[in-house]
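The values are calculated or read from the model by the stated rules, or taken from the named source; none is laboratory data. For clarity, every value in this text was computed on a predicted model and none was experimentally measured. Don't worry about glycine lacking a Cβ; one is built from the backbone with ideal geometry, like all the others, and counts go over all protein chains shown.
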Amino acid sequence: MCGIVGFTGRDQAKDILVEGLRRMEYRGYDSAGVALEAAGADGAARLDVIRRVGKVSGLASELEGYAGQATCGIGHTRWATHGRPSTANAHPHTSCDGRIAVVHNGIVENFAELREELQGRGHVFKSDTDTEVLAHLVEEAYAERGELMAAVRDAVSQVVGAYGLAVVCADEPGVVAVARKDSPIVIGVGEKGSYVASDVIALIDATRDVVVLEDDQFARLSPGGVEYTDAEGRPIEPAVTHVDWDLDMAEKGGYPDFMLKEIHEQPRVVRDTLVGRMTATGELDIDELGLSLEELNDIDRVYVIACGTSYHAGLIAKNLIEGWARIPCEVEAASEFRYRDAIITPSTLVVAVSQSGETADTLAAIRDARIKGAKVFGITNVVGSPVARESDGVIYTKANKEIAVASTKSFIGQVVSLTLLALLLAQVKYRLTTKQARMLFRELGDSAAQIQEILDGCGPAVREAAAACKDARSALFVGRGMGAAIACEGALKLKEVSYLHAEAYAAGEMKHGPIALIEPGFPVIAVATKSPTYDKTVSNLMECRARGAVVVAVATEGDDEIKKIADHVIYIPRIRDCFSPITASVPLQLLAREVALMRGCDVDQPRNLAKSVTVE
Ligand code: AGP
């Protein structure tokens, strides 16, 4: 998630902006910049834009030499989603004449069309970002309207997507124009002037009385205060919220820990990962595909290689790639793949899945595969990461920075991205029609709302199930088909944050050994959503229950039968089985977190673990 700050008032803006950006560093970023409104030698206002790749401290050093007297400005920390980390892609972005500057948080879904239209009208673009179209749209509207707030309103009315936006204009000194849709914006007035930010943590030193701007609301900040308007420009009086969070709570957006915050970001991750990924005619649009459709059509074997949670995303991809595209797909731990002499030909596609994009084993496996002639495709959350750079093509999971060591939102982003890849392979292999792909793509997008429904409603059932598991010495996670892959991820989540031993088994394997573990009180956590193998799973659970197991089931809403077998049921909305990992994983993430809290564990920084394993 990018960070936005803005200030206009009676004090020097640059230090206020830098401190605000510093407060948001925890969100993760790869570049930073400011636009400062200063008076030129002739007294006319100008915008000084200073941007750089790297840390805010580097930007601050560069600003130490800044001699301008600027009491108005905007600043930004960028987590790259479109366009690699570079100075040219860093915000603020400016209009052709440099008189308008914008900072933006969100995604302009229709930026390609807008960019083409703007270029057709003579606008010259200086970056690869989606955001830059906003600077040129405001420039055009300002030329017509002559007033910044009205120009911003006109500009965003052409945008499809999400934006938290702050704009300054050298021809309207002292004004910061702000717009919001689907990306957070908070505004406050302090002793020194008026402030805007994408995160309350950047404001709370100046004021704890803030306005949380709502969708399609606008604000015009000036040194004397703030005017709020609606999409039609009519004055509004938004509510003021008093924030009593300390800095730690503010960093977590009011959640008690990053893990819960990131679990709750998953609906947005689904939507952001899908943004712009299908054309109006139903073709998948993977902007950094890197491989031709002919090369993809030539693929006759897929290896998905990854570690940990990313490996579990691969297990899900296997079912999709083989089911839809009918291409043999193997999933392997990167640490194993890299040391065996896998069968690789130029028609082999190696898909490397890595949140960090820097896991040593995964990188080594990619390099080995390339030497052997494979095509390599990366699924990663970090733009410009080694996995992204060393792959022929890449899909970014758009999860923004994931701070908790336990992967949650990035896992969902991986599953969605791998689903897109499977759909693409199936289309290329003529195994799915455009109509079928479009239907599946739409249902995939619907999972975002279903995750939200689960987050809103499953708390009590999760806490009840957690209480039943917390004192166990071990737990078994079982499922079939997609449920088996989900069970693997559920087991990893539980053990890595609660230190309670857990392992996952295909439910059909229980009779081949694991059922020997079952004794009264032993927790068996089942993915028992409606699927072609549901009845078989229920039979397995009956065998466990008959031996005294405590059965926790993730089940499909409306399924009453499961209540006869399970001691605790966590219901989720009905969904096509192939998409069930996206929704059924969420209760298991919450269950793991709840058990960990009950066991007094640090859910964000579990013992012995690192967020990325850059050594073997
Ligand atoms: C999962 O919760 C862990 N954080 C860990 O298993 C992780 O998935 C694994 O280390 C792979 O990391 P990567 O996705 O950054 O390559």
Those residues that are modelled with pLDDT of 95 or more and either more than 16 Å from HIS104 (Cβ to Cβ) or among the basic types (Lys, Arg) (or both), I need them from the range 23-45; list them, please.
LEU36, GLU37
Which one of these is at pLDDT 90 or above and more than 19 Å from ALA399 (Cβ to Cβ): PHE258, PHE218?
PHE218
Quick check: anything in the range 216-234 more than 23 Å from VAL168 (Cβ to Cβ) and of a type in the set (A, V, I, L, M, F, W, C)?
no
Among (1) out of contact with any helix residue (DSSP H, G or I) (no Cβ under 9 Å at 6 or more places or on another chain); (2) buried (at least 16 other Cβ atoms within 10 Å of the Cβ), which single condition is LEU137 missing?
(1)
Looking only at the range 303-353, how many residues end up being among the polar types (S, T, N, Q), in contact with a strand residue (DSSP E or B) (Cβ under 7 Å, 6 or more places away or on another chain) and within 14 Å of the ligand (Cβ to nearest atom)?
1
Go through the residues of the range 397-419 one by one and say whether even a single one is within 20 Å of ASP287 (Cβ to Cβ), at pLDDT below 95 and out of contact with any Lys or Arg (no Cβ under 8 Å at 6 or more places or on another chain).
yes
Quick check: is even one residue across the range 394-410 part of a helix (DSSP H, G or I) and either over 24 Å from ASN105 (Cβ atoms) or within 12 Å of the ligand (Cβ to nearest atom) (or both)?
yes
Residue set ASP300, ASP272, ASP287; condition away from the ligand (no atom under 16 Å from the Cβ), in contact with a Lys or Arg (Cβ under 7 Å, 6 or more places away or on another chain) and on the phi < 0 side of the Ramachandran plot; output residue ASP272
Show the residue pairs meeting these rules: Cβ distance below 8 Å; 6+ apart or different chains; first residue within the range 436-453 and in a helix (DSSP H, G or I); second residue at pLDDT below 95 and polar (S, T, N, Q).
ALA437/GLN427
So, first residue basic (Lys, Arg) in the range 368-382, second residue part of a loop (DSSP other than H, G, I, E, B), Cβ within less than 6 Å, six or more apart or across chains; the pairs are LYS372/ILE344; LYS375/LEU291; LYS375/ASP392
Could you list all residues from the range 66-91 that are part of a loop (DSSP other than H, G, I, E, B) and under 24 Å from GLY174 (Cβ atoms)?
TYR66, ALA67, GLY68, GLN69, HIS91
Failed item in (1) within 15 Å of the ligand (Cβ to nearest atom); (2) out of contact with any Asp or Glu (no Cβ under 7 Å at 6 or more places or on another chain); (3) more than 24 Å from ALA325 (Cα to Cα); (4) not small (Gly, Ala, Ser), with ILE379 passing the rest:
(3)
Looking at (1) modelled with pLDDT under 95; (2) within 16 Å of the ligand (Cβ to nearest atom), which is the one condition that is false for THR434?
(2)
Residue check: is GLY483 away from the ligand (no atom under 16 Å from the Cβ), under 27 Å from the mean Cα position of the chain (by Cα) and not charged (D, E, K, R)?
yes
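Tell me, please, whether a residue that is out of contact with any Phe, Trp or Tyr (no Cβ under 9 Å at 6 or more places or on another chain) and touching a residue at least 60 places away in the same chain (Cβ under 8 Å) can be found in the range 334-348. If you could, list the steps in order and put the result at the bottom.
Keep residues of the range 334-348 that are out of contact with any Phe, Trp or Tyr (no Cβ under 9 Å at 6 or more places or on another chain), which gives 335-336, 338-341, 343, 345-347.
Applying the additional criterion that residues be touching a residue at least 60 places away in the same chain (Cβ under 8 Å) yields 335.
Within the range 334-348, one or more residues are out of contact with any Phe, Trp or Tyr (no Cβ under 9 Å at 6 or more places or on another chain) and touching a residue at least 60 places away in the same chain (Cβ under 8 Å).
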Got a number for residues in the range 64-80 being surrounded by 21 or more Cβ atoms within 10 Å (Cβ to Cβ) and either free of Cβ contacts under 8 Å to residues at least 12 places away in the same chain or in contact with a strand residue (DSSP E or B) (Cβ under 7 Å, 6 or more places away or on another chain) (or both)?
9
Report yes if some residue within the range 482-502 is outside any helix (DSSP H, G or I), of a type outside the set (Val, Ile, Thr) and within 21 Å of ALA325 (Cα to Cα); otherwise report no.
no
Given (1) surrounded by fewer than 24 Cβ atoms within 10 Å (Cβ to Cβ); (2) assigned to a helix (DSSP H, G or I); (3) among the small types (Gly, Ala, Ser), number of the condition ALA472 does not satisfy:
(2)
I'd like the residue in the range 554-613 that is acidic (Asp, Glu) and in a helix (DSSP H, G or I) and, out of all such residues, is farthest from the ligand (Cβ to nearest atom).
GLU561
Determine which member of the set GLY282, GLY357 is small (Gly, Ala, Ser) and more than 14 Å from the ligand (Cβ to nearest atom).
GLY282
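Right, VAL383: part of a strand (DSSP E or B) and under 29 Å from ALA610 (Cα atoms) or not?
no
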